[in-house]
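See below for the structure under consideration.
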Amino acid sequence: VYSVTTNIAESGKSLEIFQASERVMIRRLAGADVKNPLVIVVPSGSGSAVMTIHTQDAAGIETAERILAESFTFDIRLEGPKMPEALPDEINWVPTGIDGSTLLWITPISNPTTKEVGVELHFNDIGQKLLQEAFKDNVGKSLGIFVRDLLVSKMTISTTQVSDHILISGIPSERVAQIFADDVNVGLHAIFTPLK
């Protein structure tokens, strides 16, 4: 049993985090070959909830504990100068300073007319400033989005102007967009504390 709290004050986002926490844990336990996990998250007050995890054996609970103890990282890197020893398609990724502390929220989006699926990444003022610096003089270069130090998506910079969010398109399905948004939002904004 875990207490779940959030570090996001925006109205309504706590409930979204609690719902996403349940989906993320079920999916990650299933991905770790834990058979028939049962995860229930029940709001318990303003900005808090209780997550109860049931598995068929102690190994499943150990897996859940390991998953919840893992550190979560998010950052955006810019395509840098080609390294002499690099392979032809290899990109030299350079840090931009944009990380989880500058990302407010990820929203999955889909356009029913064009069938295009993507996610919107919303940034705070510091993130917007760092994005502006990354976009400046870098049209045509790539930005890479890294989660847990793995490249999960990249986009080509097509403008020098930046708003409070960027759109990553070309995601294969609405389900994949929702999984990505859930993983990052929970990773950045949910705090799990064991109760017993």
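Listed values, structure above:
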item: Residues in segment 24-39 that a label on Glu70 would reach, taking backbone N under 16 Å of a point 7 Å out along Cα→Cβ; result: 24-35
item: Max mean-square fluctuation residue, GNM over the chain, Cα-Cα springs under 10 Å, options Thr73, Thr113, Thr156; result: Thr113
item: Cα gyration tensor, the chain - rounded (a/c under 1.5), prolate or oblate; result: prolate
item: In Å², nearest 10: area of Lys82 left accessible to a 1.4 Å probe; result: 120 Å²
item: Solvent-accessible surface (1.4 angstrom probe) belonging to Met83, in square angstrom, nearest 10; result: 80 Å²
item: Among Pro43, Pro95, Pro112, residue whose mean-square fluctuation peaks in a GNM of the chain (springs only between Cα atoms under 10 Å); result: Pro112
item: Cα-only radius of gyration and Dmax that characterise segment 58-172, units Å; result: 16.5, 54
item: The chain, helix-only ellipticity at 222 nm - DSSP H runs n ≥ 4, -39,500 (n - 2.57), divided by all residues, nearest 500; result: -9500 deg cm²/dmol
item: All lysines inside 25 Å of Lys35 as judged from Cα atoms, apart from same-chain residues fewer than 8 positions distant; result: Lys196
item: GNM result for the chain, Cα springs below 10 Å: residue of His122, His54, His165 fluctuating most strongly; result: His54
item: Rg/Rg_globular for segment 1-79, with Rg_globular taken as 2.2 N^0.38 Å and Rg from C-alpha atoms; result: 1.22
item: Sparse-neighbour loop sites [GluC sites (Glu not before Pro); segment 39-146; at most 11 other C-beta within 10 Å; DSSP]; result: Glu70, Glu85, Glu90
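The values are calculated or read from the model by the stated rules, or taken from the named source; none is laboratory data. Note that this is a predicted model, so its numbers are computed, not measured. Cβ atoms come from the backbone with ideal geometry, glycine included; neighbour counts cover every protein chain shown. Note: areas computed on protein heavy atoms with side chains; ligands, DNA, RNA excluded. Shrake-Rupley method; radii C 1.70, N 1.55, O 1.52, S 1.80 Å.
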